[in-house]
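Heads up: the structure comes next, in structure tokens.
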Ligand code: SF4
């Protein structure tokens, strides 16, 4: 298949692995963060780290949109869903995300009308079909999905649909990366930049990582050879004493981003002063809210919300996983109390979550075997 098979060629992967190994300085340990959950999924599905030398390690970042939703926002969404005449709509991944008072699945089992949709436009369609109901779309995701949410609000406004609103939880990637760079407990040598987000924001917003923090970042695609080539590009920069932003995923990511998509987001949404990220705490100007001009489509203004901050369960170490401080299997409840069927933390819910990726592709077993072999 075009754009798939050629990026999964085992001989090319072995050649890239050899080139990567040749660039590594003996005795130096390299730690790179893959910011995007989609990359985490590719890395463990295809065993990419088995192609890397022992002294190159990849750690996960905060780029899984479901993983960063705090428990209090889930409780707020359930409070909306349980109001009279409300139909709550959401992406499938959100159904199992635990809040302080249970998940959407629990609320649905108790009688709330909560429906899975594939896009916000599906939600708008439900609003057209049920003019007697108040239809709310639980909007999540980075700049990747924000344009489709904003477009849906514009369409609802153009059609004069009054029973549709969004519960806006869109977040922005740059402040989260800044927070990680400022974190004292993590030392990184470079970043595998998020491919999907970059299709919208482009590569320029990452400039500060190279200029102010002297770290290379390579925007990467999602096939195995994309990841290996990106690691190779980062190592080339380090070997040559460079720290720059480069674009490995140029077949999809325009350097300047998608101006139309950014314009649509800016028309409907603006930055919040601060927003809570699960495990990372409050990060200033890191999320979007609906502008005053579109207030009739803002569920936060239509419904009364508890707005209570809920602490993560004591056993949950999603914060450390999202910052790349620990690997998923190092969490005390990984694979025992916390599994994809009974998730305690969000990283075990979405297929892009690091814990789910490890769990589904057998990293727990493989890492234990590796560790035992090294001891
Ligand atoms: S195993 Fe569960 S609780 Fe632990 S970090 Fe992963 S998702 Fe969070």
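A compact table of results
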quantity	calculated
The lone exception for residue 322 - which of (1) modelled with pLDDT under 90; (2) closer than 28 Å to residue 42 by Cβ; (3) within 8 Å of the ligand (Cβ to nearest atom) it fails	(3)
Subset of the stretch 258-284 (residues that are at pLDDT below 95 and in a loop (DSSP other than H, G, I, E, B))	278, 279, 280
Within the stretch 325-336, tally of residues that are in a loop (DSSP other than H, G, I, E, B) and either near the ligand (Cβ under 8 Å from one of its atoms) or within 20 Å of residue 40 (Cβ to Cβ) (or both)	7
Residues of the stretch 256-274 that turn out to be more than 18 Å from residue 205 (Cβ to Cβ) and touching a residue at least 40 places away in the same chain (Cβ under 8 Å), as a count	2
Residue 213 being in contact with a helix residue (DSSP H, G or I) (Cβ under 8 Å, 6 or more places away or on another chain) and in a strand (DSSP E or B)	no
Residues of the stretch 300-319 classified as within 9 Å of the ligand (Cβ to nearest atom) and out of contact with any helix residue (DSSP H, G or I) (no Cβ under 6 Å at 6 or more places or on another chain), total	6
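The values are calculated or read from the model by the stated rules, or taken from the named source; none is laboratory data. In this text, all values refer to a predicted model and were calculated from it rather than measured experimentally. Every residue, glycine as well, gets a Cβ built from its backbone with ideal geometry; the counts of neighbours run over all protein chains shown.
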